[in-house]
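Please read the structure below before turning to the comments.
The values are calculated or read from the model by the stated rules, or taken from the named source; none is laboratory data. What you are looking at is a predicted structure, and each value in this text was computed from that prediction instead of being measured. When we count neighbours, we look across all protein chains shown, and the Cβ atoms used for this are built from the backbone with ideal geometry, even at glycine. Heads up: the accessible areas ignore ligands, DNA and RNA and are worked out on the full protein's heavy atoms, side chains in. Shrake-Rupley method; radii C 1.70, N 1.55, O 1.52, S 1.80 Å.
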Amino acid sequence: MENNIIRIAICDDILEMTKFMTNIISNIMDEKKIEYEILAFQSGRDLLEQIDNVNLVFLDLEMPEMDGIKTGERIRRENEKCKIIVASAREDRMKEVFRLDAMRFVSKPYNREEIMEAIDAYLQTYQVGLQKIEVYKNRKPYYIMQREIRYIQAYNGAVNIYARNTVFHKEVTLSKMEEMLDEHIFFKIHKAIIVGLGFVTEYTKDKVFIDKEILPLSRRNSKEFERVFMDFDLKYRG
């Protein structure tokens, strides 16, 4: 996400609705002092042309030509990290919404409180792992976001930190390092290894895969790892 700006799209075929929503969302984001950009569209096709740049979309179900369901299915294929909040006056279409893996359903006419709750739910996911920590490489300090860390390994009483396709170092024990990390996105899979859950591509009862790297998973931690990973996948996958 470039410069940590949250790009929010509004897709509603009624121009007055996009203007109304733009005003509500702008006020909410200004109050929260969060950098944002709002993109407004009146058709699913126009939205899809810029979907690569969108982090969150308020998607109307009832639109001509390409409705919200068809648009949402395309979003899922073309930008799986984009979060979808579905808007509709028809609660009878809720079953269709499940196909989109939408994070929220908001009713029309739009309500400020409901929109704020939806944005808060998104921010809880977005803000996870944004905290920065100081690390070192060749004795030079760097600051990296926690969500950039693939895994951490104990080494001679300190830790090696694998992030940004390089290896950083920090003179702390693994236990002290664990205390600094966001518990929602990390898990200690072995007495000497902590993994960033967002980088896990596969796992078995005794192994965790991060792309082509294979890391040992302690058998006594395997059930808890599976539970924590599933919870992460449901709530915090970016």
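Listing for the model above:
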{"item": "Number of positions in the range 192-232 that are out of contact with any helix residue (DSSP H, G or I) (no Cβ under 8 Å at 6 or more places or on another chain) and over 17 Å from residue 148 (Cα atoms)", "result": "19"}
{"item": "Enumeration of residues in the range 150-193 that are hydrophobic (A, V, I, L, M, F, W, C) and closer than 19 Å to residue 231 by Cα", "result": "181, 185, 186, 187, 189"}
{"item": "Pair list, Cβ under 7 Å, 6 or more apart: the range 64-82 residue farther than 14 Å from residue 51 by Cα, other residue open to solvent by 60 Å² or more (accessible area, probe 1.4 Å) and modelled with pLDDT of 90 or more", "result": "66/45"}
{"item": "Top-ranked residue in the range 103-148 [being assigned to a strand (DSSP E or B) and more than 25 Å from residue 198 (Cα to Cα); ranked as modelled with the highest pLDDT]", "result": "140"}
{"item": "Residue identified as aliphatic (A, V, I, L, M) and in contact with a Gly (Cβ under 9 Å, 6 or more places away or on another chain) among 128, 106", "result": "128"}
{"item": "Among (1) within 13 Å of residue 12 (Cβ to Cβ); (2) modelled with pLDDT of 85 or more - the single one residue 56 does not satisfy", "result": "(1)"}
{"item": "Any hit, the range 17-25, residues being of a type in the set (Val, Ile, Thr), out of contact with any Phe, Trp or Tyr (no Cβ under 8 Å at 6 or more places or on another chain), assigned to a helix (DSSP H, G or I) and surrounded by fewer than 18 Cβ atoms within 10 Å (Cβ to Cβ)", "result": "yes"}
{"item": "The range 187-196, residues that are open to solvent by less than 40 Å² (accessible area, probe 1.4 Å) and in a loop (DSSP other than H, G, I, E, B)", "result": "192"}
{"item": "Among the residues listed as 73, 78, 62, 49, the single one being modelled with pLDDT under 95, surrounded by fewer than 18 Cβ atoms within 10 Å (Cβ to Cβ) and over 26 Å from residue 127 (Cα atoms)", "result": "62"}
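Here is a yes/no grid of residues against (1) surrounded by 16 or more Cβ atoms within 10 Å (Cβ to Cβ); (2) of a type in the set (A, V, I, L, M, F, W, C); (3) part of a loop (DSSP other than H, G, I, E, B); (4) at pLDDT 95 or above:
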| position | (1), (2), (3), (4) |
| --- | --- |
| 150 | yes, no, no, yes |
| 154 | yes, yes, no, yes |
| 159 | yes, yes, no, yes |
| 162 | yes, no, no, yes |
| 175 | no, no, no, yes |
| 183 | no, no, yes, no |
| 198 | yes, no, no, no |
| 208 | yes, yes, no, yes |
